[in-house]
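Report on the following structure.
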Amino acid sequence: MDYMKPFGVDLDLSKGVMKNPATHIVRQASSMRGHYADAAALERLIAAGDPVHYEVAEQPVPDAPGQMRFGISTTLPGTVGGECFMTKGHYHAVPDTAEVYVGLRGQGYLLMKTVEGECLWEEFRPGRVIYVPPFWAHRTVNTGEEPLVSFYVYPGNAGHNYGDIEKQGFPVRVLKRGGKVEFVKTRSK
Ligand code: PAN
Ligand code: ZN
């Protein structure tokens, strides 16, 4: 049999980065249109330099059910009209696939929602493991003053469904006003 070869990668835990990632995705403010409540504030931010909102570093593995994809996700600090910087968020394209996150650096939350509209969140902090069960969409939100860095791992065949979140959003928004974090429900479902 032609086996895939084992491999290792190095993380710098003090900086919260993966050394020499094969894939490095960078999402700037301009790729976040439609995700924040205050569209005008986002446009002002884009015009003022289009800052990075988050980055993902990965070592790709085959898209097969027995494989595990893993990497480092870094969400930067900041707000858009009071709403904390966040990732787009997604369901897995194969919806009955779970994911494990481990907080490495920084503070924030992983917001999770079901297709019926239930929305729950778990706190991110260094050393905190968060389990995302099958069927829950997930979005990282940075409520702190430094980059929020996490390690994640999920099944190789899971894929990503961003379209449903672009249409539905999340029923809870995370704001920071006067240094205080607030969870605001935007609708009952
Ligand atoms: C993570 C996320 C990463 C970026 O690797 O993909 O945090 O967030 P978006 O994919 O929502 O832009 C993951 O959950 N993978 O399944
Ligand atoms: Zn995921």
task = Consider only pairs whose beta carbons are under 7 Å apart and that are at least six residues apart or on different chains; among these, list those whose first residue lies in the range 83-108 and is modelled with pLDDT of 95 or more and among the basic types (Lys, Arg) and whose second residue is assigned to a loop (DSSP other than H, G, I, E, B) and within 9 Å of ligand 1 (Cβ to nearest atom).
result = 88/162
Only listed residue being hydrophobic (A, V, I, L, M, F, W, C) and in a strand (DSSP E or B), chosen from 94, 102 = 102
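Can you confirm whether the range 162-170 contains a residue that is under 21 Å from residue 18 (Cα atoms) and either more than 13 Å from ligand 1 (Cβ to nearest atom) or crowded, with 16+ Cβ neighbours inside 10 Å (or both)? If you could, list the steps in order and put the result at the bottom.
Step one: list which residues in the range 162-170 are under 21 Å from residue 18 (Cα atoms), which gives none.
No.
Quick grid of which residues meet (1) under 13 Å from the mean Cα position of the chain (by Cα); (2) away from ligand 2 (no atom under 16 Å from the Cβ); (3) among the hydroxyl-bearing types (Ser, Thr, Tyr):
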position	(1), (2), (3)
90	yes, no, no
95	no, no, no
102	yes, no, no
109	yes, no, yes
118	no, yes, no
124	yes, no, no
142	yes, yes, no
172	no, yes, no
request  = Sort through 124, 135 and tell me the only one that's in contact with an Asp or Glu (Cβ under 7 Å, 6 or more places away or on another chain) and free of Cβ contacts under 8 Å to residues at least 60 places away in the same chain.
outcome  = 135
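The values are calculated or read from the model by the stated rules, or taken from the named source; none is laboratory data. Every value quoted in this text rests on a predicted model; they were computed, and no experiment measured them. Note that each Cβ is placed from the backbone with ideal geometry, even for glycine, and that neighbours are counted across all protein chains shown.
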